[in-house]
Structures are given as C-alpha cells and as structure tokens.
1. Could you list ARG90, ARG186 so that the one with the fewest beta carbons within 10 Å of its beta carbon is first and the one with the most is last?
2. List the pair-distance distribution P(r) of the stretch 84-150, using every Cα-Cα distance, as the percent of pairs falling in each 10 Å bin from 0 up to the bin containing the longest distance, rounded to whole percents.
3. In the structure shown, do any of LYS76/LYS170; LYS143/LYS167; LYS76/LYS110; LYS110/LYS143; LYS110/LYS167 have a Cα-Cα gap over 24 Å, and if so which?
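Nothing in this text is a laboratory measurement; each read-out follows from the coordinates by a stated rule. These figures come from a predicted structure and were not determined experimentally. Ideal geometry is used to build each Cβ from the backbone, glycine not excepted, and the neighbour counts take in all protein chains shown.
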Amino acid sequence: MKVILIVLICFALSSCVPIPAFGNCAGQRSSWKTKTTVLKKYSTTRYQKGKRMLNEIQIVAATLYAECEGEPWAGKVMVGEVMAVRASERNQTLKTICLAPKQFTAWNDKTMAQMEAQVNAWEKQVNNQAWKDCKTIAAMICKAGYEVTSTANHYLNPKTANPKTVKKWKKEMTLVAVVGNHNFYRAK
C-alpha cells in the first residue's frame, strides 16, 4: 500500500499537480515565479568555511544534483525525501545530513571548496533545468514546517551499486518505492 501511495505522489509531482506537503509555498499555485520566490526567501541561512559560504539550500541542491541529476522530477523529490527523513529521525539539520561522512557519494571525495566551485559553475548555466529543479526541491524541503511524506531513509541505483550491497539491502530493508533508476528503502 505504501509503495502505491509513493508512486501516486511521485506521479502527481511529475505532473506538476500541487500537493501542499511538497512545499507549494503555503498553498499558492506552483509556478516558476513561486519557486523563485521560495528560493529567495529561504536562501538566507549561510554556513561559513573560511571565506567560502554555501547556504543550506545550495548544499542540499548540490547533493541532489550530484546524486540524481538525470532522474525525473519525482526521483529527485524522493532523494530529497530521504534527506528529510534522515534529518527528522536523527534530529539534525539537512546540512549536517548531507555533509555527514559516507552518507551521500556526492561529498565523499569533495572538499567544501570544490563543491562551492561546482555550485558556482552550475549557477552560471542558465539553461540547466536539472539544477533549477534541484534548487526548487531543496528550497521546499529546507522550508520550516516541511512535512515528510515518504518513509524511505535509504536509496541506491541497483545498476551502479556494489552487487553485495544490493543483496544485503534486499535482505535487511523494506523496499518502499522504485522511481527512475533508484530503489528506495526503509531500514527495518
């Protein structure tokens, strides 16, 4: 039943149907103008590393983009949901979740300075719709009061993951959804 619900939610999101739990800006209709307003409004919290600064939305967006750039909208939302579930379960910020060692491969071999340079490069790509989508999703899940709707707290791409990991996860976790190239799981 949960898998069907997640699939329906993901289908609705990919069809641009407004769903309040996914951050439709306090009930406003979803549009690019609304999404831009959300990005401006919630991009104020900054984290400093020396002279470099990335805000929480940029960190979450960079993690999303590096993890699932080529996925459909619903797949990106589900990866964002995993981040939000972990943050909620561990009572931590999304930034802490994203930057935790060995949690997201996007950060495993990158320094903050390298990721900041990459974010700056993505910001300059005006026609990069995947980056815009990741920023919009990041703004939604970083918004105070965001309600998590998925139970998934893990995901992987079975085509690229270590076969031993895939086998282990199938035994130790419950499959919640399959969206795009990713399988989403809940630890038992």
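1. Exposure proxy ranking, most exposed first: ARG90, ARG186.
2. Final binned percentages: 18, 44, 34, 5.
3. Distance filter (> 24 Å) returns LYS143/LYS167; LYS110/LYS143; LYS110/LYS167.
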